[in-house]
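The values are calculated or read from the model by the stated rules, or taken from the named source; none is laboratory data. Because the structure is a prediction, the values reported are computed rather than measured. Every residue, glycine among them, receives a Cβ derived from its backbone with ideal geometry; neighbour counts consider all protein chains shown. What goes into the accessible areas is simple: the full protein's heavy atoms, side chains included, and nothing from ligands, DNA or RNA. Shrake-Rupley method; radii C 1.70, N 1.55, O 1.52, S 1.80 Å.
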Amino acid sequence: MSDEKAHKWIVKDPEEEIWWPSEELKKAAWVSDESIYEEAREDPVAFWEKHAEEGLDWVEKWSKPYDWDPPFMKWFLNGKINASYNCLDRHVKEGRGDKTALIWVPEPTEHDPQVISYEELYEKVQKFANVLKSLGVEKGDKVGIYLPMIPEAHIAMLACSRIGAPHSVVFSAFSPESLNVRLQDAEAKVLITADGYYRRGKKLDLKDDADEGVEGTGVENVIVVKRTGLDVNMVEGRDHWWHELMEDAEAECEPEVMDSEDLLFLLYTSGTTGKPKGVIHTTGGYLTQAYLTTKWVFNLHDDDVHWCTADIGWITGHTYTCYGPYLNCATTLIYEGAPDYPELNRMWQIVEKYDVTVFYTAPTLIRALKKGGDEWPEKHDLSSLRILGTVGEPIDREAWLWYLNKIGGGRCPIVDTWWQTETGGTLIMSLPGIGPFIPTVAGRNFPGTQHEVLDKEGNVLEEGEEGALVQMPPFAPGMLRGVYKNPERYEKTYWSRYDDKYYFTSDAARKTKHNCIRIGGRMDDVMQVAGHRLSTAEVEDAINRHEAVLESAVVPEPHEIKGEVPVAYTILRKGEESSEDMEKEIISHVGEVLGPTSKPARIIFVDELPKTRSGKIMRRILRSLLTDEELGDITTLKNPESVKTLEKITGYKGPG
Ligand code: PRX
């Protein structure tokens, strides 16, 4: 480890498994004084106003900072602003155009990486914004983005925001059908995609999926990035090559003046029904939260190289690979491929080569790389690292300690950031200059926000008691403003549980000492599979569409690497035989309908599912059968005898 880089950023409490920032980190941090919490608590709205004003350039200042008309909030009312201007123009104007904005690492090691300066990114974004305009995209039109992790993904997002055309990014590994549902709901006019991408050394096609996905939607034009050179079918009049359009595009494009509450983007996420919901994020508040949380949580300074490993298909990819870093004029790194390709040291090789200082990933990746063995990180000099982050699911103590010691060399704080697609940016974590860093504990409320743990009646619970995690007013500026075209679902999902008073996160949590919060996991029918959000209903719908299936119930089962995986209890139609082949067929059918990330780990064929008298499947019992937990009261079931059979099939041993 090179001495000049290897600072000791944390110190361990001699008594407990708790770490605190070292004096050195406190000095280097944007915030290191606990009084920030008190100051923000006294007047949260003034706190956010201060940072919105200091951190962003507004065309026109707001006339009112915050409005709450249950269950709808607004921030920076009548303020005028443009996202792309704040990510690019102002940095270039301030003479920082030479600074590296984006480092792109392709998967094939023989391909050249790209290092793109703010000036270059600014040029590309303006040109692509003009491309969109030339295809008739106007302010308010929705643009679908179905791209792998290549620079064009960021260029497309920033170009959309430049002209006020909200983007709706769809994860490139989602199936054509998932793309189709999202494009339809968002009423997208244009789709931006690629001919394909590289994954574990293979060229994978994306254009065929995109073609299937746009069928029957309102998409009039498809823009295709040439990434692999695979032979693809281009539909005359509808499909255009990105590089050809860019050649002819005008160089300058004025940013559109947007209202603070104008839609910046939609992002579809899983809920408790089979239909994904379009989460609405607006401009001024989202940008403020993205800007400030990126700066403080990752303690971003001018010399940092920030690598968030999330795909742009997820909210983490939006806020912490794209908007947050660019708003801070930081250097952001993105990687195209698989974390273990060509070998298990790929991530560490990238950290070493590019002197990555902030590394932000999901527990599932940490567990997978830990399982791969210590020899892989040991091959590399990781002393450039200053801050490690995790997100997406609870992290277990063993993975946390491995991350701390093997990747962070015992020197770097781990910021365990809790948040959701709905919250726009992270809201619970320990700030690097303040701490504490405790395995399995996310941390404190970000200044200017307040989360509480409540019982069913809405009483605040004591430290140590598990309950529902809620956000209290005033609600954070980056919070969702609604579910696209579905205000009832918005009200019911997030607000009805506590009479429109608090935002219900659907997570269980408990408060711990040092004013921290420990996240328990989802309370609804949403699973976090490898850090990716998946609804049990979505997977059930997909399984039930297989012709041999009568009914199914999907529950999460704990998994060593992925945190949890979906397992399906399935009843076949009369005359259908359960077999290994049938299991494989159903699993691959789900892969086709939803995409590979949604495939169940296994199918348990059954004749009956435990149901309540009103016909509701008791998933709680199905879950406990897999984890040998107490089954609880089964007397209220319509068919309690079904549980005995299921105990045999699953090999249920019971608690202890
Ligand atoms: O259950 C929580 C879990 O991820 C859910 C949100 O998923 P999604 O909208 O896909 O966003 C993930 C990335 C922001 C939450 O309801 N979750 C997120 N972060 C954490 C977490 N669980 C425990 N610890 C975290 N740090």
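On the given criteria, is I350 open to solvent by less than 20 Å² (accessible area, probe 1.4 Å) and within 16 Å of the ligand (Cβ to nearest atom)? Judged against the criteria, I350 is not a match.
Restricting to the stretch 494-518, name every residue that is in contact with an Asp or Glu (Cβ under 6 Å, 6 or more places away or on another chain) and of a type outside the set (S, T, N, Q). Passing the criteria: A508, R510, K511. Of the residues T357, T426, the single one that is under 20 Å from the mean Cα position of the chain (by Cα) and either hydroxyl-bearing (S, T, Y) or open to solvent by less than 20 Å² (accessible area, probe 1.4 Å) (or both) is T426. Show me the strands (runs of 3 or more DSSP E) found entirely inside the stretch 311-417 where at least 3 residues are more than 30 Å from L204 (Cβ to Cβ), touching a strand residue (DSSP E or B) at 6+ places or on another chain (Cβ under 7 Å) and not basic (K, R). Passing ranges, in order: 414-417.
Conditions (1) within 11 Å of the ligand (Cβ to nearest atom); (2) within 23 Å of V441 (Cα to Cα); (3) open to solvent by less than 10 Å² (accessible area, probe 1.4 Å); (4) not in a loop (DSSP other than H, G, I, E, B), marked per residue:
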position	(1), (2), (3), (4)
P477	no, no, yes, no
Y490	no, no, yes, yes
T493	no, no, no, yes
S496	no, no, no, yes
K511	no, yes, no, yes
R518	yes, yes, no, yes
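When Q420 is tested against (1) away from the ligand (no atom under 12 Å from the Cβ); (2) touching a helix residue (DSSP H, G or I) at 6+ places or on another chain (Cβ under 9 Å), only condition (1) is not met. The condition (being open to solvent by 20 Å² or more (accessible area, probe 1.4 Å), touching a residue at least 12 places away in the same chain (Cβ under 8 Å) and more than 16 Å from the ligand (Cβ to nearest atom)) is satisfied by just one residue among E236, E252, E247: E252. Applying the condition of being over 29 Å from L369 (Cα atoms) and assigned to a loop (DSSP other than H, G, I, E, B) to the stretch 520-566 and asking which residue is nearest to the ligand (Cβ to nearest atom) yields D524. Of everything listed in (1) open to solvent by 70 Å² or more (accessible area, probe 1.4 Å); (2) within 20 Å of N328 (Cβ to Cβ); (3) free of Cβ contacts under 8 Å to residues at least 60 places away in the same chain, the single unmet condition for R90 is (1).
Selection of the stretch 187-214 for residues being open to solvent by 20 Å² or more (accessible area, probe 1.4 Å) and over 19 Å from L135 (Cβ atoms) yields Y197, Y198, R199, R200, G201, K202, K203, L204, D205, D208, D209, E212.
Among the residues of this structure, T645 does not count as one that is within 30 Å of R182 (Cα to Cα), open to solvent by 20 Å² or more (accessible area, probe 1.4 Å), among the polar types (S, T, N, Q) and outside any loop (DSSP other than H, G, I, E, B). Among what's in the stretch 488-502 and is under 24 Å from the mean Cα position of the chain (by Cα) and in contact (Cβ under 8 Å) with a residue 60 or more places away in the chain, pick the residue that is nearest to M429 (Cα to Cα). So the residue we want is Y494. Listed conditions (1) over 21 Å from D525 (Cβ atoms); (2) in contact (Cβ under 8 Å) with a residue 60 or more places away in the chain are all met by I617, apart from (1). May I ask you to list the residues in the stretch 371-410 that are more than 16 Å from the ligand (Cβ to nearest atom), basic (K, R) and surrounded by fewer than 20 Cβ atoms within 10 Å (Cβ to Cβ)? Residues satisfying the conditions are K371, K379, K406. Taking the criterion of being among the basic types (K, R), more than 22 Å from P276 (Cα to Cα), not assigned by TED's automatic domain parsing to the domain that holds Y37 and not in a helix (DSSP H, G or I), would at least one residue in the stretch 567-586 satisfy it? Looking through the stretch 567-586, at least one residue is among the basic types (K, R), more than 22 Å from P276 (Cα to Cα), not assigned by TED's automatic domain parsing to the domain that holds Y37 and not in a helix (DSSP H, G or I). Looking at the stretch 542-588, which of its residues are of a type in the set (G, A, S) and farther than 25 Å from G521 by Cα? Within the stretch 542-588, A548, G575, S578, S579, S588 meet the criteria. Of the strands (runs of 3 or more DSSP E) lying entirely inside the stretch 1-81, those containing at least 1 residues that are open to solvent by 90 Å² or more (accessible area, probe 1.4 Å) span 10-12, 64-69, 72-77. Within the stretch 255-283, the set of residues being open to solvent by less than 50 Å² (accessible area, probe 1.4 Å), more than 16 Å from the ligand (Cβ to nearest atom) and among the aliphatic types (A, V, I, L, M) comprises M258, L263, L264.
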